[in-house]
Amino acid sequence: MAARDIRSSKQDDQPVFDCQSCGACCSYSAEWPRFSTEDDAQLDRIPEKFVSADLSGMRCEGVRCSALTGEIGKHTACGIYEIRPDVCHACMPGGDDCLMARKAHGMPTI
């Protein structure tokens, strides 16, 4: 989310969610940004300051991923967008995880 504009395409009258003006998925649960399918080479690329003490996932400040910058619902960016974990790749704009996180932040889901 740092340098690229990520937008879902509008299909079948579904709303378009702009990740760079959201950030809800990155500030939803400290249990969410866990490493699962990454190989050692992928994990080695993530700066240590963003990795949890037990090395199981991203370090969070409360429920917010430490790599997330900006204000939720206004303008956000991922400090490690190009090398973010697989769980981050899997959360799609407008998908179930996205909508659940947006709802938790009181943001529109429609």
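Rule-based calculations on the coordinates, nothing more; no lab input. As the structure is a computational prediction, the values presented were derived from the model and not from experiment. Don't worry about glycine lacking a Cβ; one is built from the backbone with ideal geometry, like all the others, and counts go over all protein chains shown.
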Could you say whether any residue in region 45-58 is within 28 Å of V16 (Cα to Cα) and among the aromatic types (F, W, Y)? no
Restricting to region 41-70, give me the number of residues that are of a type outside the set (S, T, N, Q), part of a strand (DSSP E or B) and surrounded by 11 or more Cβ atoms within 10 Å (Cβ to Cβ). 8
Among the residues of region 78-110, count how many are outside any helix (DSSP H, G or I) and more than 12 Å from C25 (Cα to Cα). 8
